[in-house]
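The block underneath contains the structure these notes are about, expressed in structure tokens.
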Amino acid sequence: MGAENQSLQMVLGQFPAEAGSLIPILQSVQARAGYISSQAVCEIAQALRLTESQVYGVASFYAQFRFTPPARHGICVCLGTACHVRGGERLMETLQRELGAAMGTSTSDGRFDLVRVACLGCCALSPVVKVDSDIYSSVTTMKLKGIVNGYE
Amino acid sequence: MDTSRLDSLRELARKDFANLASAKVPVVYLGAGSCGKAAGADAVKKAVLATLEERKLRAQVLEVGCVGPCYLEPLMDIAAFGNPRISYANVSAEHATQILESYLVRRDPMPGRAVGHFGDAEFAGIPRFFDLPMLKAQKRIVLRNCGFIDPERLDHYLATDGYEGLKKALGMSPDALIEEITKSQIRGRGGAGFPTGKKWRFCRDAKGDSKYMICNADEGDPGAFMNRSLIEGDPHAVLEGLLIAAYAIGASSGYVYIRAEYPLAIQRLCKAIAQMHEVGLLGTDILGSGFSFDLHIKEGAGAFVCGEETALIHSIEGKRGMPRMRPPFPATSGLHGKPTVINNVETLGTVAQIVRHGADWYRQFGVPGNYGTKTFSIVGKAKRTGMIEVPLGIKLRGLIFEIGGGAIKPFKGVQTGGPSGGCLSERFLDTPVEYESLAAAGSIMGSGGLIVMDEDTCMVDIARYFMGFCAAESCGKCTPCRIGTSQMQAILKRICDGNGTEADLGALERIGKTVKAASLCGLGQTAANPILSTLRNFRKEFEEHIKHKRCRAGVCQNLFLSPCQNACPVGMDVPGYVSMIAAGRFEDAIHIARETNPFLSVCGRICDHQCMLKCRRNQIDEPVAVRVLKRFIGDLARDRRIAPKVWVSSERRPERIAVIGAGPSGLTCAYFLARLGYGVTVLERLPVAGGMLAVGIPAYRLPKDVLEAEIQLIRDLGVEIRTRTTVGRDVRLGELFSQGFKAIYVGVGMYGDRAMGVPGENAAGVIQGVDFLTDVNMGKRREIGRRVAVIGGGNTAVDAARTLARLGAEQVTIVYRRTREEMPAFADEIREAEQEGVRIILLAAPTRVLVDEHGRVKGIECQTMKLGDFDNKGRRVPVPLPSSEFTLDVDTVIPAVGEFADVRDLFRDHTVKTQRDGTIEIDDEGRTNIPGIFSGGDVAFGASTVIKAIAAGERGAVAIDRYLTGDCTRVYPWRVRSRSPAPFNVGAEPVAYPMLRPALLPVAERSKSFVEVQESISSEVAIKEAQRCLRCDYREEEV
């Protein structure tokens, strides 16, 4: 708790206390803590002189922000058009089945988050899957197991 | 103004860069954009550095941006020893080491491994990179530096005349600057195409002491990544443009709003901005001009709608990214209520060059009203995917086929403009790529994403996909978009699940038009474009999903059991019989297969196996050898005398049906009618039954006894086959009705050989293809010469050629006017023909048959062809090359260039509707315009495949049954699909061995004999092959 609070205050100190700082602050908080806790919402609201519901209202609008702690690794399956046309949905289905987690949730053992992303911009090499910050291209259902096994 | 510091930096930079370019020290270029990295560039970089270290090689390693052909990534280029820079494609870590050692140590550049070079002259037989088909038509203006400079070095940008545009701009008045941009007629490249100069003018003229300049780098269109590539490959190009724009409008502060999903681009941008600060290109009094500007980066947070101007502004202000009503437009009231210009990355990337070279220079590219160049991404099912830049005005056909190489499988359509755009079918291929033309075609230019689609793409699924995307990204503020998109998504989902109704299509159109007219912002206003365009251009697919519960592309999984079964024209239960073979239950396999197809042994030898083309096993290694397995059970049934146990109606019907033509379509029709309890008489003009199966296909492909055994099974059901009876001559069509037949099925096929249309065609020694094969198959050997030319590239031509080789011709030559890949005949047939000594001359067509004094063939004059423009199918039309005639010395010519139907005799007493090519016009069920007369097979479709004829026969039988009973609700048992009861271990790994290839008779034994070429297989081999099946029919609910 204490460490989180310290980290939070550091972030808040880096930005001017104005409305336009809200999203960069949220991004910075999530980059450090992995998610936006209710504590964070409270502190940010105070620092920017906004209500908690205003902060939450902005944060919940954007797909980037999450409100539960992340799993150890994040799997992003791109479901953009080029990836869709080359079988992206099948990859998502396979991962959902193999990991036993629905899209937008985490595996029960806390190992993986499984999310959908609209487009990573590597369209010429679709379908694309990102795990943490590693991007894999021309992925097939056969390759998925090998990719996923590389992340403990 | 004081540019002295910048100028001296530039001098140094130029020298350094020239040094680099001269490659006195070898330079290794690595494609290090996000695409390159996704393809494995990091591993390549590691290997490169390691190799240079180990071998103590001196070289500079430069990580550069994307040069365009992403499908070739990872790309590694080497410039060394004064040679031009050479590019190597699809390089792995191992390749990188090999190539480096070969070139830098042994001075062997491995030309065979190279994809292109960047020099001007010829070099080592390697093609010039910019002459490659994908690059040739491109004009790289905004992308000029990508792939050629290190994007993280300001000095590289300076060396290529970077910030010269800014210098010139700062020396002009803002009004003159705006005038120049207006004169260039550059239009916003974000999608709407609004004239950039005009937008700047509005903002300049707006009242306000502080103004903002924003670069919209929120490239949200899935499929578009050109902005990302530009920022990653040449960030300063965008920033210089931004600065020029800011000066023009009088802004003192600005932002780059960039998607968080582009971390590498953000990183490069940050670095570039820091570099600008270092040399005084940002901050107060830039270059001593009096102009001050500060720039910040704002990252998007994953909302597509924030690409819309007002939503973007709200996001910067720290609010929910929801758009607002316009007017007022951002140019007058934008960020924080101040006048703001928002320009796209590509627009800004071009501005500096327009200022440097002038508006007139820019207008030399493109066409009036659409000047300049535009970047596009070619993605999806194209052969050559990547990023390109072309002058506007080029046709879609040029982009997709010339540059993109066409679709991998037959082209179906292209989607342009992202979720705001439309799906265009092949008839739009001549649309020039211009803002207005694309809008008129029902799509938009958009940000430039081009998604190529082929026959494996379901257009209903695509409409559903885009609607789902818009529904998910809708901000929710206005009702039409929020509710309309989710309602349309729900309807489309129902259609894809097989629960659609006719009324749904009208609902989609109505809701779509409302959403378009009443939504608050561009997202809603264009959300309906994909569905409205797919409905307009691909309506048939929607109707198939609704009326027939059929997804022809094999995508909507609730509509079919497995892709193989779905691709089969007859809908054979492929997983059913294959899984039974895998379990060793051969008899069950036979009965399952025979339910839908009486011709197992036949199809097992000659079918064009659409099932195998769609087999999911293709994604692992090769398809399951379904055709071979089908032959196995067909032959087994005959060998072990297993009588078919198929569904047969318990009631006997009083009506008798006449079937004209004992070919595959007629016999199949008889087969199903007999099972439905009808009396059937088949009337056949030839002395044998079987149609093309008997007289068109040679015995070495389909032995006569094999065919006869399966025809016998049809007779065993009570069908009467009367040969040597020609309807139209021996008995009139009308008489059949008076004889008591209640319905007639016409399956007479196509037996007329098309003429070549050249002089000398009627000489002795010219024997039409189908006639020739018929005579040989009927045992009426014809006199053939020693040297024979067969004209054509389909199965008839190849059958004729292989038959001639067996009959003792010394030299058989096939002459075909297109390329080998385009020959319609089966690839393995062509290969076997060549093994048997048949010669194939491609890209040639006959112009005249040469005749001797006795009127006999003595040769054939041909002309060489070259491939011209693309047609709508993506095939190049062959065009004769002038003065390219050559003569073939032959004494026999067999034209096999196509067939035609002639039913005039048959229908002398009736007015049957025919098509222009003589085929009978039928509806989806097989009904002709004459009540009681039905048709199918080649005589109705044109020359087609056996399995399609079989499917037509089945449809005809059902249509006749419906006609005679008046009952349209009947369920036909053989049409009901259910999952195979064969066991399946879903957790097991697929078996790893490759596809079975049955042995072929050795070539030496094939000549002079019509013994079957493909050998049969054993039970063990069949089981093993069947176990390769992935059981796509399996569903988890089945316990």
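None of the figures in this text is laboratory data; all of them are computed from the coordinates on show. Treat the numbers as computed from the prediction; the structure is a model and nothing was measured. Cβ sites come from the backbone with ideal geometry, for glycine too, and all protein chains shown count toward neighbours.
Here is how the numbers come out for the structure above:
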read-out	value
For region B:795-909: rounded, prolate or oblate by the Cα gyration tensor [a/c cutoff 1.5]	rounded
Coil-residue trypsin sites (Lys or Arg not before Pro) of region B:739-780, DSSP, other Cβ within 10 Å capped at 14	B:K780
Neighbouring partner chain Cβ atoms per residue of A:55-62, average, 10 Å criterion	4
Karplus (6.51, -1.76, 1.60) ³J(HN,Hα), θ = phi - 60°, over region B:562-573, in Hz, Gly and Pro reported as x	7, x, 5, 4, 6, 7, 5, x, 8, x, 4, 7
Packing-based order for B:9-16, A:40-47, B:221-228, using average beta carbon neighbours within 10 Å, highest first	B:221-228, A:40-47, B:9-16
Residues with amide H under 5 Å from that of B:S292, placed H, sequence gap 5 or more	B:D285, B:I286
Listed residue pairs exceeding 26 Å between alpha carbons, taken from A:K130/B:K271; B:K409/B:K540; B:K298/B:K493; B:K139/B:K395; B:K540/B:K873; A:K145/B:K37	B:K298/B:K493
Leading residue at positive end of dipole, the protein assembly as shown (Cβ point charges), from B:H277, A:V55, B:V115	A:V55
By average C-beta atoms within 10 angstrom, highest first, the peptides A:117-130, B:325-338	A:117-130, B:325-338
Extreme residue, positive dipole direction of the protein assembly as shown, given options B:G386, B:V849, B:P222 (C-beta unit charges)	B:V849
Whichever lysines have a C-alpha closer than 20 Å to that of B:K858, once near sequence neighbours (fewer than 8 apart) are set aside	none
Inter-part distance where region B:813-879 and region B:120-169 are each reduced to a Cα centre, Å	43
Region B:255-336: trypsin sites (Lys or Arg not before Pro) in DSSP coil with no more than 16 other Cβ atoms inside 10 Å	B:R324
Expected 222 nm ellipticity per residue - DSSP helices of 4 or more, -39500 (n - 2.57), all of chain B, to 500	-10500 deg cm²/dmol
Eligible lysines near B:K1008 by straight Cα distance, threshold 19 Å, same-chain separation 8 or greater	B:K704, B:K780
Under Karplus coefficients 6.51, -1.76 and 1.60, residue-wise ³J(HN,Hα) of region B:644-651 in Hz, glycine/proline x	x, 10, 10, 4, 9, 5, 7, 9
Modelled FRET efficiency - R0 41 Å, B:K913 with B:E885, Cβ distances, 0.05 increments	0.40
Filtered GluC sites (Glu not before Pro), region B:584-669: DSSP coil and at most 12 other beta carbons within 10 Å	B:E651
Distant-in-sequence amide H partners of B:S884 (H built 1.01 Å from N, under 5 Å)	B:T864
C-alpha center-to-center spacing [region B:668-733, region B:55-69] in angstrom	69
Whole-Hz ³J(HN,Hα) from phi, Karplus 6.51 cos²θ - 1.76 cosθ + 1.60, for region B:197-205, glycine and proline x	x, 5, 4, 4, 4, 4, 6, 4, 6
Long pairs among B:K199/B:K381; B:K199/B:K383; B:K24/B:K45; B:K381/B:K547, criterion Cα-Cα beyond 30 Å	B:K199/B:K381; B:K199/B:K383
Stretch gain in nm, segment B:E783-B:S292, where the contour uses 0.36 nm per residue and the Cα spacing is subtracted	167.4 nm
Cβ neighbours within 10 Å from other chains - mean over B:381-389	2
Global size of region B:480-537 as Cα Rg and Dmax, reported in angstrom	10.9, 33
5 angstrom amide H check on B:I660, placed H, neighbours 5+ away	B:L683, B:Y745, B:V746, B:G747
Charge dipole (debye, nearest 20) of the protein assembly as shown; +1 at Cβ of Lys and Arg, -1 at Cβ of Asp and Glu	1080
Overall form of region B:71-113 per C-alpha gyration tensor (a/c, 1.5; a/b vs b/c)	oblate
Spin-label pair B:Q487/B:M325, simplified geometry with 7 Å Cα→Cβ offset, distance in nm	2.3
Inter-chain shielding of A:110-119 (mean C-beta neighbours from other protein chains, 10 Å cut-off)	3
Shape call, region B:278-393: gyration tensor on alpha carbons, a/c limit 1.5	oblate
Segment B:E1015-B:R14, extension gain: residue separation times 0.36 nm, minus the distance between their alpha carbons	353.3 nm
Lysines whose Cα lies under 20 Å from that of B:K168, excluding same-chain neighbours fewer than 8 positions away	B:K183
Among A:G20, A:G88, A:G110: highest mean-square fluctuation, GNM of chain A, C-alpha pairs under 10 Å	A:G20
Virtual paramagnetic centre 7 Å along Cα→Cβ of B:Q60, amide N under 15 Å, in region B:132-160	B:147-160
